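Colleague: Let me begin by handing over the structure; questions about it come next.
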Amino acid sequence: MSGYFITLEGIDGSGKTTQAILLEKKLKNLGKKVLLTREPGGVKGAEKIRDLLVQGDTDRWSQVTETLLFFAARRHHLEKCILPSLNSGKLVICDRFTDSTLVYQGRKNVSLINLIKKLSELAIGIEPDLTLIINADPQKSLNRGLKRTSNETRFEMLGLKFQEEAKLRYEALAKNIDRCHIVDGNGGIEETHQLLWKIVSNNLRLQP
Ligand code: TMP
C-alpha cells in the first residue's frame, strides 16, 4: 500500500465530521490526492447496512449482532473503497473506523473486545496510520447531535452517561496506542482545525 490512512474519532456531536471536511480541503489545497469517506457506510452496500445500525430502537440488536453488522459494512467498504484508494497512493480520511467499534460496542466487555480485535485482525487486516480523536464536552456534544434533524439517533438515544463513558474509553485508547492523538474540540472550529493540522502536518512531514 502506497497511500496513507487517517481516521477521525470522537463521541457523537464532537465535530469530527466538520474537521474531516476541513482536513480534506487543506490537503487538497496542498495538491494531495485525498479521499474522504465514512463509517458505517462510505459505499452503497455499506450505506444500506448503516441504515440498519443508526436508525430505530436502541435495543434493536444484541451487542454481538451489532458488532457483526459493523464489520460486514467495514469489510465491504474496505474492499470497494479504502484498499483500492490506498493502493493507488491516495491519502484516505475516514470518519470513524474500528476504534469506534471498540468504544461503542466493546465498552468494558472483555469478550466483546476480544471478538472485535479478532474480527479486525481476520476480516479487516489494516489499522490506520494516524487517528485523531476529537475530545469535546459530552453534554454539549450530545445537544449538538440531538439538534440535527435526522433519524440517525440510535446511539445518541443511549444518553449522556453513555457519551461520558465513551469519552473516557477514547482517552484510554489514546493513552495506549501510539497512532491515536487527542485533539481538544472544545474551542471554535478553526481553533480545533489548527490543533489537528499540527499533528497531521507533523506526521506527514508537511509545512505546519
Ligand atoms: P456518525 O454519526 O459519526 O456517522 O456515526 C454513526 C453512529 O454509529 C455513531 O453514533 C457511532 C456509531 N458507531 C458505532 O457504534 N460503531 C462503529 O463501529 C461505528 C463506525 C459507528
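The values are calculated or read from the model by the stated rules, or taken from the named source; none is laboratory data. The structure presented is a predicted model; accordingly, all values stated were derived computationally and were not measured. Methodologically, a virtual Cβ is constructed for each residue, glycine included, from the backbone with ideal geometry; neighbour enumeration extends over all protein chains shown. Heavy atoms of the whole protein, side chains included, go into the accessibility calculation; ligands, DNA and RNA do not. Shrake-Rupley method; radii C 1.70, N 1.55, O 1.52, S 1.80 Å.
Colleague: Take segment 93-139 and flag every residue that is modelled with pLDDT of 95 or more and of a type in the set (D, E, K, R).
Modeller: Result: 95, 96, 99, 117, 118, 121, 127, 129, 137.
Colleague: Go through (1) surrounded by 18 or more Cβ atoms within 10 Å (Cβ to Cβ); (2) touching a helix residue (DSSP H, G or I) at 6+ places or on another chain (Cβ under 8 Å) for residue 174 and report which single condition fails.
Modeller: (2)
Colleague: Another question about this same structure. Going by the conditions given, is residue 116 under 24 Å from residue 57 (Cα atoms) and assigned to a helix (DSSP H, G or I)?
Modeller: Yes; evaluated as a whole, the condition is true for this residue.
Colleague: What number of residues in segment 69-82 are open to solvent by 50 Å² or more (accessible area, probe 1.4 Å) and either of a type in the set (Phe, Trp, Tyr) or in contact (Cβ under 8 Å) with a residue 40 or more places away in the chain (or both)?
Modeller: Adding up the residues that qualify gives 1.
Colleague: Can you name the residue in segment 47-57 that is open to solvent by 60 Å² or more (accessible area, probe 1.4 Å) and out of contact with any Asp or Glu (no Cβ under 9 Å at 6 or more places or on another chain) and is also nearest to the ligand (Cβ to nearest atom) among such residues?
Modeller: By that ranking, first place goes to 52.
Colleague: Please find, within segment 86-114, the residue that is farthest from the ligand (Cβ to nearest atom) out of those that are hydroxyl-bearing (Ser, Thr, Tyr) and surrounded by fewer than 20 Cβ atoms within 10 Å (Cβ to Cβ).
Modeller: The selected residue is 88.
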